[in-house]
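Below you'll find the structure, written out as structure tokens, and then a few comments.
The values are calculated or read from the model by the stated rules, or taken from the named source; none is laboratory data. Just so you know, these numbers come straight off a predicted model, no measurement behind them. Here Cβ is always computed from backbone atoms with ideal geometry, including for glycine, and neighbour counts include all displayed protein chains. Heavy atoms of the whole protein, side chains included, go into the accessibility calculation; ligands, DNA and RNA do not. Shrake-Rupley method; radii C 1.70, N 1.55, O 1.52, S 1.80 Å.
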Amino acid sequence: MTVAPERIEAAVAALRPAARAASANAHAPYSGFHVGAALRTVEGTVFAGCNVESASYGLTQCAERNALGAAISAGVKPGETSMMVIYLPGSKPLPPCGACRQWMVELMQPAALVVSCCDGEATQAWQLADLLPGPFLGP
Ligand code: THU
């Protein structure tokens with residue numbers, strides 16, 4: 001589903017600063033890629049996260065999942081997050097990985113807006129339901 005440009009602009013205006021600030025805290029000694037993500041709850045509270053890498057590579061946690069973990073840890077319930085903006089350094093906005101899409105589907109509203117932004121003006125935006133069609137939601 002196409003996302004209206006004014007919704008994308010509003011999300012970027014609201015959450016890009018927090019996402020970018022969080023990226024400065026990234027622990028990314030292996031990739032050197034410092035990512036930040038910020039989400040907004042239905043009540044208007046903002047939570048942010050950065051990527052945290054591990055020497056055993058596969059245990060790396062993305063910025064998106066850390067932002068969601070921060071919200072859940074603070075008492076936000078599944079379905080109470082309406083929007084997330086991801087900041088990736090460079091000139092290309094990139095889509096979230098599969099693991100993060102799974103977390104998003106389980107923890108955010110199905111109609112939530114997900115926006116990827118970068119150092120330039122370019123953005124990519126999705127309605128969450130379009131990012132992971134036919135998700136596994138438990139046995
Ligand atoms: N990364 C994120 O944090 N979010 C994304 O959307 C893409 C990838 C991190 C994982 C790893 O620490 C680094 O970026 C390179 O893949």
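How would the range 95-136 be classified by its alpha-carbon gyration tensor: rounded, prolate or oblate, with rounded meaning a/c under 1.5 and the a/b versus b/c comparison settling the rest?
It comes out prolate by the Cα gyration axes.
GNM, the chain, Cα, under 10 Å: largest mean-square fluctuation among 58, 120, 49?
58
What is the extension gain from residue 136 to residue 33, computed as 0.36 nm multiplied by their sequence separation minus the C-alpha to C-alpha distance, in nm to one decimal?
34.2 nm
For the chain, give me the percentage of DSSP beta bridges that are antiparallel, rounded to the nearest 5 percent.
Here the share of antiparallel DSSP bridges comes out near 75 percent.
Among 97, 118, 62, which one shows the biggest mean-square fluctuation in a GNM of the chain, springs joining Cα atoms closer than 10 Å?
Among 97, 118, 62, the largest GNM mean-square fluctuation belongs to 97.
Residue separation times 0.36 nm, minus the C-alpha to C-alpha distance between residue 59 and residue 45: what's the value?
Length gained between residue 59 and residue 45: 2.2 nm.
Given the Cα-Cα distance of residue 52 and residue 2 and 0.36 nm per residue of separation, how much length would full extension add, in nm?
14.8 nm
Where a ≥ b ≥ c are the square roots of the eigenvalues of the C-alpha gyration tensor, would you call the chain rounded, which needs a/c under 1.5, or, failing that, prolate if a/b is larger than b/c, or oblate?
rounded
Set Lys and Arg Cβ to +1 and Asp and Glu Cβ to -1, take the dipole of the range 48-139 about its Cα centre, and tell me which of 118, 81, 136 lies farthest positive.
Ranked along the dipole, the leading option is 136.
Quick check for you: with a 1.4 Å probe and neighbouring chains kept, what is the accessible area per residue of the range 1-75, in Å²?
Heavy-atom SASA per residue in the range 1-75 reads 53 Å².
Considering the chain as a Gaussian network with a 10 Å cut-off on Cα pairs, which listed residue, 42, 115, 52, attains the greatest mean-square fluctuation?
Top of the fluctuation ranking is 42.
Once you sort the root eigenvalues of the Cα gyration tensor of the range 1-69 as a ≥ b ≥ c, which label holds: rounded (a/c under 1.5), prolate (a/b larger than b/c) or oblate (the other case)?
prolate
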